[in-house]
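Asks: The structure that follows is given in the form of structure tokens.
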Amino acid sequence: MDGNLVTGGTGYIGTHLVRLLRERGERVRVLDLQVPDQPVDGVEYRQGSIVDRDEVVAAVHGCRRVFHLAALSALWIPDKRAFEDVNVRGTGNVLEAAREQAVETVVHTSTESILIAANRGRSEQWVNEFTAPDPAQMAGPYCASKLRAEAEVQAARRRFGQRVVVCTPTVPVGPGDPWLTPPTQMLLGFLNRRYPAWMPSTLNLVDVRDVALGHLQAAEQGEPDQRYLLGGHDVQMADLLNALHALTGVAMPRLKVPYPVALVSAQVSEWLADRFTGKPPAASVTGVRLNGVPVRFDNRRTCAALDWKPRPLEPSLQGAIADFVGRGLFAPANSRSGESR
């Protein structure tokens with residue numbers, strides 16, 4: 001098969017990437033833990049884990065490109081060791097199998113969270129493609145594991161000359177999130193009035209469809225020694241809530257929670273989850289620590305190098321809301337959401 005393997009191809013970004021590849025006439029194989037209810041026509045789905053080396057070897061066989069999106073991306077899980085197993089050891093399995101089978105290009109999906117220095121106070125930070133992650137500054141176990149996964153990538157480049165391109169998306173939004181990732185849960189939480197309050201923060205939001213396109217362009221045009229920062233728009237939480245209100249008519253919470261209060265609340269909630277309930281906390285410490293740092297993202301180099309331009313934010317939010325309504329996840333009395341463009 002002279003085609004493409006997409007690990008995590010049934011996830012949020014992966015689903016859009018798979019569809020994009022098929023629209024361009026590419027042959028596609030997916031390796032993921034689950035097979036989708038609505039598979040993309042012409043795609044070969046293999047059910048398995050990147051932790052299983054034999055499964056990875058079989059999935060890579062015959063592919064010229066591997067898009068490695070599979071990861072454990074939850075900000076909290078009961079067993080923290082799973083972050084290491086999936087994100088670090090799984091990445092090593094993918095790189096090794098691709099190397100053994102002479103795969104032309106591996107695109108590794110990282111995360112903007114490793115670029116945020118969570119232990120340097122709350123002064124504003126500026127992040128670009130040249131920002132060097134610091135292991136001592138990781139906001140939590142998920143971020144630390146994704147940084148160690150990047151170390152696997154760097155070792156593969158340095159020791160074996162493997163062509164591995166790194167894509168670093170910020171917070172994806174838009175339609176078609178099959179498993180309701182944390183950003184989607186955040187939007188739904190506000191729209192369905194599950195959150196009585198909000199914490200002032202800055203997010204960088206990017207359309208998930210643009211992220212998928214950025215992965216493909218990075219595979220075709222990217223350089224292995226560069227990071228491609230797939231970011232869209234720096235948005236204050238207050239402005240995001242105003243936009244959601246304008247699109248749906250749903251009243252957003254007015255109560256603002258200061259960062260120290262939010263952090264203590266998350267620490268207590270996570271302590272109870274870790275030791276007693278085993279259920280996800282109301283807010284994770286990692287999430288609060290990441291959102292508590294005002295960050296500005298500058299990805300002009302990525303946009304120029306890949307000829308990539310993220311769309312405006314409003315169509316992305318419209319697409320997400322229309323998708324929520326269509327799936328029965330959100331039913332406003334007077335929705336003013338439009339179809340995505």
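The values are calculated or read from the model by the stated rules, or taken from the named source; none is laboratory data. Just so you know, these numbers come straight off a predicted model, no measurement behind them. For neighbour counting, all protein chains shown are included, and Cβ atoms are generated from backbone atoms with ideal geometry for every residue, glycine included.
Asks: State whether the residues of region 262-272 include one that is at pLDDT below 95 and either closer than 22 Å to S145 by Cβ or buried (at least 19 other Cβ atoms within 10 Å of the Cβ) (or both).
Replies: The answer is no, given that none of the residues of region 262-272 is at pLDDT below 95 and either closer than 22 Å to S145 by Cβ or buried (at least 19 other Cβ atoms within 10 Å of the Cβ) (or both).
Asks: Pairs, please: C-beta under 9 Å, at least 6 apart or cross-chain, first residue more than 9 Å from N93 (Cβ to Cβ) and in region 53-65, second crowded, with 23+ Cβ neighbours inside 10 Å and among the polar types (S, T, N, Q)?
Replies: Pairs that qualify, where the first residue is more than 9 Å from N93 (Cβ to Cβ) and the partner is crowded, with 23+ Cβ neighbours inside 10 Å and among the polar types (S, T, N, Q), are A59/T7; C63/N4; R64/N4; R65/N4.
Asks: I need the full set of residues from region 86-125 which are in a helix (DSSP H, G or I) and either over 18 Å from the mean Cα position of the chain (by Cα) or aromatic (F, W, Y) (or both), in order please. Before the answer, list the steps.
Replies: Residues of region 86-125 that are in a helix (DSSP H, G or I), as a first pass: 86-100, 112-115.
The answer is R89, G92, N93, V94, L95, E96, A97, A98, R99, E100.
Asks: Is at least one residue of region 218-238 in contact with a Cys (Cβ under 8 Å, 6 or more places away or on another chain) and assigned to a helix (DSSP H, G or I)?
Replies: yes
Asks: Name the residue that is farthest from R19 (Cα to Cα), counting only residues in region 207-224 that are out of contact with any Lys or Arg (no Cβ under 9 Å at 6 or more places or on another chain) and among the aliphatic types (A, V, I, L, M).
Replies: In this case the residue turns out to be A218.
Residue-wise test of (1) closer than 29 Å to P281 by Cβ; (2) basic (K, R); (3) surrounded by 17 or more Cβ atoms within 10 Å (Cβ to Cβ); (4) in contact with an Asp or Glu (Cβ under 8 Å, 6 or more places away or on another chain).
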site: V43; (1), (2), (3), (4): no, no, yes, no
site: D54; (1), (2), (3), (4): no, no, no, no
site: W76; (1), (2), (3), (4): yes, no, yes, yes
site: D79; (1), (2), (3), (4): yes, no, no, no
site: A82; (1), (2), (3), (4): yes, no, no, no
site: E112; (1), (2), (3), (4): yes, no, yes, no
site: L115; (1), (2), (3), (4): yes, no, yes, no
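Asks: So, T7, is that one out of contact with any helix residue (DSSP H, G or I) (no Cβ under 7 Å at 6 or more places or on another chain), buried (at least 24 other Cβ atoms within 10 Å of the Cβ), β-branched (V, I, T) and farther than 17 Å from Y142 by Cβ or not?
Replies: Numbers: out of contact with any helix residue (DSSP H, G or I) (no Cβ under 7 Å at 6 or more places or on another chain): no; buried (at least 24 other Cβ atoms within 10 Å of the Cβ): yes; β-branched (V, I, T): yes; farther than 17 Å from Y142 by Cβ: yes.
No, not satisfied.
Asks: If you don't mind, another one. May I ask you to list the residues in region 179-197 that are assigned to a helix (DSSP H, G or I) and among the small types (G, A, S)?
Replies: Selection gives G189 alone.
Asks: Could you check T131 against (1) surrounded by fewer than 19 Cβ atoms within 10 Å (Cβ to Cβ); (2) free of Cβ contacts under 8 Å to residues at least 60 places away in the same chain; (3) assigned to a loop (DSSP other than H, G, I, E, B) and say which number it fails?
Replies: (1)
Asks: Inspect region 285-302 for any residue being among the acidic types (D, E) and more than 21 Å from the chain's Cα centre (by Cα) and give the result as yes or no. Before you say what the answer is, go through the steps one by one.
Replies: First pass over region 285-302, keeping only residues among the acidic types (D, E): 298.
Those still in the list that are more than 21 Å from the chain's Cα centre (by Cα) too: none.
For region 285-302, residues among the acidic types (D, E) and more than 21 Å from the chain's Cα centre (by Cα): absent.
Asks: Something else now. In a loop (DSSP other than H, G, I, E, B), over 15 Å from the mean Cα position of the chain (by Cα) and acidic (D, E): is that true of D79 in this structure? Reasoning before the result, please.
Replies: Values: in a loop (DSSP other than H, G, I, E, B): yes; over 15 Å from the mean Cα position of the chain (by Cα): yes; acidic (D, E): yes.
Answer is yes for this residue.
Asks: Would you kindly identify the strands (runs of 3 or more DSSP E) lying entirely within region 3-64 that contain at least 2 residues that are within 18 Å of L216 (Cβ to Cβ)?
Replies: Working: elements: 3-7, 28-32, 44-47.
Hits in region 3-64: 3-7, 28-32.
Asks: Right, here's the next one. Listed residues T302, T248; which is of a type in the set (V, I, T), in contact (Cβ under 8 Å) with a residue 24 or more places away in the chain, in contact with a strand residue (DSSP E or B) (Cβ under 8 Å, 6 or more places away or on another chain) and more than 18 Å from A118 (Cβ to Cβ)?
Replies: Checking each option against the conditions leaves just T302.
Asks: Search region 173-189 for residues being touching a strand residue (DSSP E or B) at 6+ places or on another chain (Cβ under 6 Å) and buried (at least 22 other Cβ atoms within 10 Å of the Cβ), and hand back the single one that is farthest from V295 (Cα to Cα).
Replies: G174
Asks: While we're looking at this one, here's another question. Which of the residues spanning region 152-179 are without any contact (Cβ under 8 Å) to a residue 24 or more places away in the chain and of a type outside the set (D, E, K, R)? Outline the logic, then answer.
Replies: Pass one, region 152-179, residues without any contact (Cβ under 8 Å) to a residue 24 or more places away in the chain: 154-155, 158-159, 161.
The answer is Q154, A155, G161.
Asks: Only residues that are surrounded by fewer than 18 Cβ atoms within 10 Å (Cβ to Cβ) and hydrophobic (A, V, I, L, M, F, W, C): list them for region 236-256, please. Talk me through it step by step, then tell me what you get.
Replies: Initial filter on region 236-256 (surrounded by fewer than 18 Cβ atoms within 10 Å (Cβ to Cβ)): 236, 238-239, 242-243, 245-246, 249, 251, 253-256.
Hits for region 236-256 are A238, A243, A246, A251, L255.
To keep it simple, each residue is scored yes or no on (1) surrounded by 18 or more Cβ atoms within 10 Å (Cβ to Cβ); (2) under 30 Å from N128 (Cα atoms); (3) in contact with a His (Cβ under 6 Å, 6 or more places away or on another chain); (4) without any contact (Cβ under 8 Å) to a residue 24 or more places away in the chain.
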{"site": "L191", "(1), (2), (3), (4)": "yes, no, no, no"}
{"site": "R194", "(1), (2), (3), (4)": "no, no, no, yes"}
{"site": "V208", "(1), (2), (3), (4)": "yes, yes, yes, no"}
{"site": "A212", "(1), (2), (3), (4)": "yes, yes, yes, no"}
{"site": "L216", "(1), (2), (3), (4)": "yes, yes, no, no"}
{"site": "G222", "(1), (2), (3), (4)": "yes, yes, no, no"}
{"site": "D225", "(1), (2), (3), (4)": "no, yes, no, no"}
{"site": "R275", "(1), (2), (3), (4)": "no, no, no, yes"}
{"site": "S284", "(1), (2), (3), (4)": "yes, yes, no, no"}
